[in-house]
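Notes to accompany the following structure.
Read the figures in this text as sums done on the coordinates, not as results from a lab. Since this is a predicted model, take the numbers as computed values, not measurements. All Cβ positions, glycine included, derive from the backbone under ideal geometry; neighbour counts span all protein chains shown.
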Amino acid sequence: INQENAGQGAARNAGLEVATSEWITFPDSDDLLVPDAYETVAKAFGQNPDLVHFSIKVVYEDGTPTRKQDHKYYTVTRDGLCKLDSKTIITADGSVSNKFFRRDIIEKYGIRFEKIRYEDFQFSKEYLLVSDNIFCISRPLYIYLRREGSTMAQTFLRTPYSIDHLRAFQAVSDFM
């Protein structure tokens, strides 16, 4: 796919338009996966989940120790197939990089990334709202490299992009 740079969400939407696989995931090019990550996830497919969700390990580019809130936010606390409930929907992290989504559910409900900077949250929460079950893996399979000056770092620093957090919540509310 060749297109002008219109942001991560637009690139992901373009990929969704041509995807033919049963499962979809969205790893970032500057992050890492543990060597057996996808093999581990594939074992969950036999349980017929709507979503597979695993923990993320956050590392800082400059070696700064991980913040407790990062660890808590990105840790999946259970293992195995679970019925989705409101607590899980509310507390699940907003990343799409540590989840595998069923393409048929994405298509059935027309879930796409909004043109905002917090589009992962919006996409994840919309998907969770229409899912019945989730396969949880507490082990961190994804390694998120947090960089100073990254898009996510900027959204929390009282920049004009901070409003996109509210836009993401509004998008989820509109979806409901």
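Report the percentage of all Cα-Cα pairs in segment 1-132 whose separation exceeds 27 Å, rounded to a whole percent. Present the calculation step by step, with values, prior to reporting the outcome.
Numbers: 1696 of 8646 pairs.
When every Cα pair of segment 1-132 is considered, 20 percent fall beyond 27 Å.
Check each of the trypsin sites (Lys or Arg not before Pro) in segment 1-107 and keep only those in coil by DSSP with at most 15 other C-beta atoms within 10 angstrom; list them in order.
Numbers: sites: Arg12, Lys43, Lys57, Arg67, Lys68, Lys72, Arg78, Lys83, Lys87, Lys99, Arg102, Arg103; in loops: Arg67, Arg78.
For trypsin sites (Lys or Arg not before Pro) across segment 1-107 that sit outside H, G, I, E and B with at most 15 neighbouring Cβ atoms in 10 Å, the list reads Arg67, Arg78.
Where does the longest stretch of the chain lie that holds no GluC sites (Glu not before Pro) found in a DSSP loop with 14 or fewer other Cβ atoms within 10 Å?
Details: sites that count: Glu4, Glu22, Glu61, Glu148.
Formally, the longest exposed-site-free interval is 62-147.
Please get the size of the charge dipole for segment 1-125, origin at its Cα centre, with Cβ charges of +1 on Lys and Arg and -1 on Asp and Glu, quoted in debye to the nearest 20.
Numbers: 17 positive and 20 negative charges, 115 e Å.
About 560 debye.
Classify segment 62-136 from the C-alpha gyration tensor, please: rounded if a/c falls under 1.5, else prolate or oblate depending on whether a/b exceeds b/c. Working shown, then result.
Working: a/c = 2.30, a/b = 1.33, b/c = 1.73.
Judged from the Cα gyration tensor, segment 62-136 comes out oblate (a/c at least 1.5, b/c at or above a/b).
For the chain, what is the calculated [θ] at 222 nm in deg cm²/dmol (nearest 500), taking -39500 (n - 2.57) for each run of four or more DSSP H residues and dividing by its residue count? Please report the intermediate quantities before stating the final value.
Numbers: 8 runs with 67 residues, N = 176.
Helices in the chain give a 222 nm mean residue ellipticity of -10500 deg cm²/dmol.
Suppose each label sits 7 Å from its Cα in the direction of the beta carbon; what would the Ile89-Gln3 distance come out to in nanometres?
Each label point lies 7 Å from its Cα, and together they span 2.8 nm.
Lysine pairs, Cα distance under 21 Å, 8 or more residues apart or cross-chain: how many in the chain?
So the count of such lysine pairs works out to 21.
List residues of segment 98-123, by number, whose backbone nitrogen lies under 17 Å from a label position 7 Å along Cα→C-beta of Ala10.
112-120
Dipole size in debye (nearest 20) for segment 2-61 around its Cα centre, Lys and Arg Cβ +1, Asp and Glu Cβ -1?
Values: 3 positive and 10 negative charges, 36 e Å.
In debye, rounded to 20, segment 2-61 gives about 180.
In nanometres, what is the gap between the two model label sites at Ile143 and Thr77, each 7 Å from Cα along Cα-to-Cβ?
Distance between the two pseudo-spin positions: 2.7 nm.
Taking springs between alpha-carbon atoms closer than 10 angstrom, which of Pro140, Pro27, Pro35 fluctuates most in the Gaussian network model of the chain?
Pro35
Please work out the C-alpha center-to-center distance from segment 13-66 to segment 90-144 and express it in whole Å.
When both Cα centres are located, 10 Å separates them.
Among Ala10, Phe123, Tyr74, flag the residue with its Cα farthest along the positive direction of the charge dipole of the chain, charges on Cβ as +1 for Lys/Arg and -1 for Asp/Glu.
Checking the options against the dipole of the chain, the answer is Tyr74.
Top mean-square fluctuation among Thr88, Thr64, Thr75, Gaussian network model of the chain, C-alpha springs under 10 Å?
In this elastic network of the chain, the residue with the biggest mean-square fluctuation among Thr88, Thr64, Thr75 is Thr64.
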